[in-house]
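Visitor: Below is one structure. I have some questions about it.
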Amino acid sequence: MTSSKRAGRHLAAGAVGVLMVTAAIVLAAAWPASAADPAAQAAAGGFNRAGDMLIADQFNNRVIEVDAHHRIVWQFGRGPHDFTAASIIGVNDAQRVGPLTLMAGTGTPANTIPECPQGCPDNRVVLVTPSGRIVWQYGTFGVTGSGPDQLNTPVQSTWLPDAHVLITDQGNQRVIEVTPDHRIAWQYGTTGTAGAGADQLDNPNSAELLANGHILIADENNNRVIEVNRQHQIVWQYPAQPDQALLDGAAFASRLPDGHTLITDANNNRVIEIDRAGTVVWSYVTNTQPGSNPDPLPTRAVRLADGHTLISDQFNDRVIEVNRSGDIVRQEGNLNSSGYSTTTTAAGLYAPYDAKVIGDYTGLTPPLGVDPER
């Protein structure tokens, strides 16, 4: 599953073309051509409008799209009491791919929520149409494993420009790049082995493709963020020395356009931005507001184009957008109070794990269909 060349880019040009055409057909079939115009979308309102927020509402077993007025304009998943394949159980991640939605069904661990005392696995990454039809899936619902087409607690999935999907397969201690026909094209981490040695991870929680082709990984239980090349070499890490206790539970990391790195430091209940030298240049702590959960364990922080930061403040049951001064300028859900509604987030969220603003997330991958190395 490894290669001395850049794995995931070694398919013949013809095969890559077929994959890209297949992806384009799926997108075209799912979405009317008139909706490709952002101005038309904004005028019409509704689904997939730039500026709407996409939220992985973890323990409500759903992904929702929310407009600026807190109205839910789209939902996949049947809610907190449904643990079938029709929902997305314990969802940790969601991303728009054109009109399609890519989601990671992590599942719920034992003793997390009353409805699933023994835990309810999902173990799928799915790509769904606006109507909720699954058009691509990796992993088998309810099956935990490391064999072909199997996952163990996938916590993040990232769509790559060549229609591959980068999956953070946490329980298997690995990050894998999967092709549309379900082959593993590249892997970092030794399957089933937790560690901090060569080609090892310990409870990885996110991975993203950088513009230079490297992969940025939040290696949660190793309390570090690492940048690895396709030859499995660590070319950058924070902290620079493994014994520096600067992070506690690295939940997410994103490389910003200026070369800084935004890190969600979950167990310290904060988000930090560090420069290339590792100096903290900005931070935000999520547990200081009156009424806050003392340990909300924030899970995702993404930088928006206007400089604001969108934070999934998990066990405060909310998503917040904060400016550079640390002021909350938008909130979805209610502080430290869970809830559920199919029409509005004013009724509450339930431990949201991930949020992105449609058309305005600057820290994930190059634009769809663009590969900086090709």
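The values are calculated or read from the model by the stated rules, or taken from the named source; none is laboratory data. Please read all numbers here as calculations on a predicted model, not as lab measurements. All Cβ positions, glycine included, derive from the backbone under ideal geometry; neighbour counts span all protein chains shown.
Visitor: Restricting attention to the range 330-363, report how many residues are buried (at least 18 other Cβ atoms within 10 Å of the Cβ) and in contact with a His (Cβ under 8 Å, 6 or more places away or on another chain).
Guide: 2
Visitor: Let me ask you something else. Among the residues of the range 165-179, is there at least one that is of a type in the set (D, E) and assigned to a strand (DSSP E or B)? Lay out the reasoning, then the answer.
Guide: Here is the first cut: in the range 165-179, the ones of a type in the set (D, E) are 169, 177.
Now drop any that are not assigned to a strand (DSSP E or B), which leaves 169, 177.
Among the residues of the range 165-179, at least one is of a type in the set (D, E) and assigned to a strand (DSSP E or B), which makes the answer yes.
Visitor: Is it the case that Q289 is closer than 29 Å to E321 by Cα and either at pLDDT below 95 or surrounded by fewer than 19 Cβ atoms within 10 Å (Cβ to Cβ) (or both)? Let's see the steps before the verdict.
Guide: Working: closer than 29 Å to E321 by Cα: yes; either at pLDDT below 95 or surrounded by fewer than 19 Cβ atoms within 10 Å (Cβ to Cβ) (or both): yes.
Considered against the rule, which asks whether it is closer than 29 Å to E321 by Cα and either at pLDDT below 95 or surrounded by fewer than 19 Cβ atoms within 10 Å (Cβ to Cβ) (or both), Q289 comes out as yes.
Visitor: Across the range 323-343, what is the total count of residues that are closer than 18 Å to N293 by Cα, of a type in the set (S, T, N, Q) and part of a loop (DSSP other than H, G, I, E, B)?
Guide: 2
Visitor: Still on this structure, please answer the following. From (1) modelled with pLDDT of 95 or more; (2) over 21 Å from Y353 (Cβ atoms); (3) under 20 Å from the mean Cα position of the chain (by Cα), pick out the condition that doesn't hold for W282.
Guide: So the condition that W282 fails would be (3).
Visitor: Now, a different point. Please verify whether V135 is touching a residue at least 24 places away in the same chain (Cβ under 8 Å), more than 24 Å from D202 (Cα to Cα), surrounded by fewer than 17 Cβ atoms within 10 Å (Cβ to Cβ) and of a type in the set (A, V, I, L, M, F, W, C), treating the condition exactly as stated. Steps first, answer last, please.
Guide: On the way: touching a residue at least 24 places away in the same chain (Cβ under 8 Å): yes; more than 24 Å from D202 (Cα to Cα): yes; surrounded by fewer than 17 Cβ atoms within 10 Å (Cβ to Cβ): yes; of a type in the set (A, V, I, L, M, F, W, C): yes.
Answer is yes for this residue.
Visitor: Quick check on the range 237-279: of everything there that is of a type in the set (S, T, N, Q) and loosely packed, with under 15 Cβ neighbours inside 10 Å, which residue is modelled with the highest pLDDT? Can you show your working first?
Guide: To start, the set of residues in the range 237-279 that are of a type in the set (S, T, N, Q) comprises 237, 241, 244, 254, 261, 264, 267-269, 279.
Next, only the ones that are loosely packed, with under 15 Cβ neighbours inside 10 Å stay: 241, 244, 279.
Working: Q241: 87, Q244: 84, T279: 96.
That would be T279.
Visitor: Would it be correct to say that D317 is on the phi > 0 side of the Ramachandran plot, of a type in the set (D, E) and buried (at least 21 other Cβ atoms within 10 Å of the Cβ)? Even if it seems obvious, please write down each step before you answer.
Guide: Working: on the phi > 0 side of the Ramachandran plot: yes; of a type in the set (D, E): yes; buried (at least 21 other Cβ atoms within 10 Å of the Cβ): yes.
Yes, satisfied.
Visitor: Looking only at the range 111-130, count how many residues are assigned to a loop (DSSP other than H, G, I, E, B), over 27 Å from Y188 (Cβ atoms) and modelled with pLDDT of 95 or more. Even if it seems obvious, please write down each step before you answer.
Guide: As a first pass, look at the range 111-130 and keep what is assigned to a loop (DSSP other than H, G, I, E, B): 111-119, 121-123, 129-130.
Checking the rest, the ones that are also over 27 Å from Y188 (Cβ atoms) come to 111-118, 129-130.
Right, trim to modelled with pLDDT of 95 or more and you get 129-130.
Number satisfying all stated conditions: 2.
Visitor: Here is a follow-up. A185 - would you say it is crowded, with 17+ Cβ neighbours inside 10 Å, part of a loop (DSSP other than H, G, I, E, B) and of a type in the set (G, A, S)?
Guide: On the way: crowded, with 17+ Cβ neighbours inside 10 Å: yes; part of a loop (DSSP other than H, G, I, E, B): no; of a type in the set (G, A, S): yes.
So A185 does not fit the description; no.
Visitor: Can you name every residue in the range 320-329 that is loosely packed, with under 15 Cβ neighbours inside 10 Å and in contact (Cβ under 8 Å) with a residue 24 or more places away in the chain?
Guide: Listed by number, the residues that qualify are R324, G326.
Visitor: Among the numbered conditions (1) charged (D, E, K, R); (2) touching a helix residue (DSSP H, G or I) at 6+ places or on another chain (Cβ under 6 Å); (3) buried (at least 21 other Cβ atoms within 10 Å of the Cβ), tell me where D202 comes up short.
Guide: D202 satisfies all of (1) charged (D, E, K, R); (2) touching a helix residue (DSSP H, G or I) at 6+ places or on another chain (Cβ under 6 Å); (3) buried (at least 21 other Cβ atoms within 10 Å of the Cβ) except (3).
Visitor: Please determine whether any residue of the range 187-198 is at pLDDT 95 or above, in contact with a Gly (Cβ under 8 Å, 6 or more places away or on another chain) and not small (G, A, S).
Guide: no
Visitor: How many residues, within the range 139-157, are part of a strand (DSSP E or B) and surrounded by fewer than 24 Cβ atoms within 10 Å (Cβ to Cβ)?
Guide: 1
Visitor: With A86, A68, A28 as the choices, which residue is surrounded by fewer than 20 Cβ atoms within 10 Å (Cβ to Cβ) and at pLDDT below 95?
Guide: Numbers: A86 fails: at pLDDT below 95; A68 fails: at pLDDT below 95.
From the options A86, A68, A28, the qualifying one is A28.
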